[in-house]
1. Filter the range 348-363 down to the residues that are among the hydroxyl-bearing types (Ser, Thr, Tyr) and buried (at least 16 other Cβ atoms within 10 Å of the Cβ) and list them by number.
2. Regarding ALA154, is this residue over 24 Å from the mean Cα position of the chain (by Cα), within 21 Å of PHE251 (Cα to Cα) and crowded, with 17+ Cβ neighbours inside 10 Å?
3. Every residue in the range 412-449 that is surrounded by fewer than 18 Cβ atoms within 10 Å (Cβ to Cβ), part of a loop (DSSP other than H, G, I, E, B) and of a type outside the set (A, V, I, L, M, F, W, C), please.
4. Would you check which residues across the range 366-407 are of a type in the set (A, V, I, L, M) and within 15 Å of ILE439 (Cα to Cα) and list them?
5. Testing GLU293 on (1) over 21 Å from THR128 (Cβ atoms); (2) surrounded by fewer than 20 Cβ atoms within 10 Å (Cβ to Cβ); (3) acidic (Asp, Glu), one condition comes back false. Which one is that?
6. Among the numbered criteria (1) touching a strand residue (DSSP E or B) at 6+ places or on another chain (Cβ under 6 Å); (2) at pLDDT 95 or above, which one does VAL304 miss?
7. Answer yes or no: is there a residue in the range 143-152 that is in a loop (DSSP other than H, G, I, E, B) and on the phi < 0 side of the Ramachandran plot.
8. Counting only residues that are at pLDDT below 95 and touching a Phe, Trp or Tyr at 6+ places or on another chain (Cβ under 7 Å), which one in the range 222-265 is nearest to GLY452 (Cα to Cα)?
Amino acid sequence: MLACGSSSTSATEADAGPHDGSVVETGGPGDAATDAGVDAASDAGAADATPDVDNGAPSTNYPAPHPPLPTLTNADHGPVLTTPHVYLVFYPGYTPAWITDLQSFAQQIGPSTYWPAVTTEYGVGAITYAGTITLTGQTAPTSIASTDIQTWVASQIQTGVFGTPDPQAIYTIVYPSSTTITQPNPVTTLLPSIQSCVGFGGYHDNAVVAATDGGVAQNYAYAVIPTCTGSVQDLTKVISHEWVEASTDPFLTKAGLFSINGGPLSAFFTVDDNHSIWALLGGGEAGDLCEPEAPDVYYTPSDVGYGVQRTWSNLSAAASHDPCVPATAGSAFFDSAPVLSESVTFSSTITGSITTQGVTIPVGQSKTIEVDLFSDGATTGPWTVTADDVLYKYYGSYGIPNSLSFSWDRTSGVNGEKLHLTITVVQASIVGNGHAFMITSTLDGRVAVWPGMIVDN
């Protein structure tokens, strides 16, 4: 979905190792540790005799026990593009040198090692460059809404401007820097619309085109790429994100508007139920899930020659390796996983009702949760952790208040150690009964993020 952003079986905990569900509540009657579970695997292979209320210990058993990472799901069993064909679409006057670069990029990415590494496990085959379309006689709009782009794309396909309609196409419209694209605010319609190059750097969608012979209407995938940079390398990073997502989830929307649940033909649109909060941060598709790892998530493969984004792999996540592939060579993956032992229901007018793993904390009260540190190899040292109220972090400038406060017993550690995070709900949420938080782990300029859900009733 955005770049710059179901019912299924989740990844089993057997891959990551068992974990404890210790939660300590304060600020109300009956405060006590609420889970007496024990680790079933310690460094020596023996079970702990008591709940994890200490800080664990550094371990060379990689990875240490931790909750499982999410699984990107195809809950609606929608189709993917098995042989995606990319078309580059430009308005007259777009920078000629960049057109040449983007054509070269489109030709290079197909035979590269990058493309199969990020798409094969989802049933997507080789991507090919199908040609360039110049919109002769058309002028790029100064401002345009995403819904109007969808209508325009459908008309260009139906009238033959884009050539013979191609069901495996990703029509990639590259807008000049003079065009501003707007979308509805994903948090609430009470907030202003978000704009290209401010709220997002690109997106993909689908247009439904009615058959001229009265047959069944056909879906077509497209990507919208605003020019937000003076570097073509930055532009190709966004394009790679959108091509991966348009291939693995080509028909994502119901009626041109982004939604939590996706359209009736959506494919790899979101994550398993236990990790729903990951999708609410900025989208649950393959590219969206990896954006929090920026800037390390971007690199330039030697056989492509242009910047691309690493994207989500279920196989790598299930093995407790870096879920964003191809993995960074020579660097161990590390993360900090909150232990969320409850099944909670989050309800709002935006999302509807979502049941997921989380923790219940009434307004004015606190709970302490365990945070399991793990890595898939030795790191250069301890990594640091911070916690944030998600809505305040990203939308505080719009006037959204901070509804959470945090305190740690420690703010750094390594594989095998356990930290404890005390979370206080300082006021009611403005979005239903839910409060999203995120734990950010940082080491040597690299970043990993793990979000969690709190409900206040």
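The values are calculated or read from the model by the stated rules, or taken from the named source; none is laboratory data. Remember, it's a predicted structure, so these values are computed and weren't measured experimentally. Here the Cβ positions follow ideal geometry from the backbone for every residue, glycine too, while neighbour counts run over all protein chains shown.
1. Applying the first criterion (among the hydroxyl-bearing types (Ser, Thr, Tyr)) to the range 348-363 yields 348-349, 351, 353, 355-356, 360.
SER348, THR351, THR356, THR360, listed by residue number.
2. Judged against the criteria, ALA154 is a match.
3. GLN427, ASN433, ASP444, GLY445
4. Listed by number, the residues that qualify are ILE369, VAL371, LEU373, VAL385, ALA387, VAL390, LEU391, LEU404.
5. Every condition holds for GLU293 apart from (2).
6. In the conditions (1) touching a strand residue (DSSP E or B) at 6+ places or on another chain (Cβ under 6 Å); (2) at pLDDT 95 or above, VAL304 misses (1) alone.
7. no
8. Filtering the range 222-265 for residues that are at pLDDT below 95 and touching a Phe, Trp or Tyr at 6+ places or on another chain (Cβ under 7 Å), the one nearest to GLY452 (Cα to Cα) comes out as GLY262.
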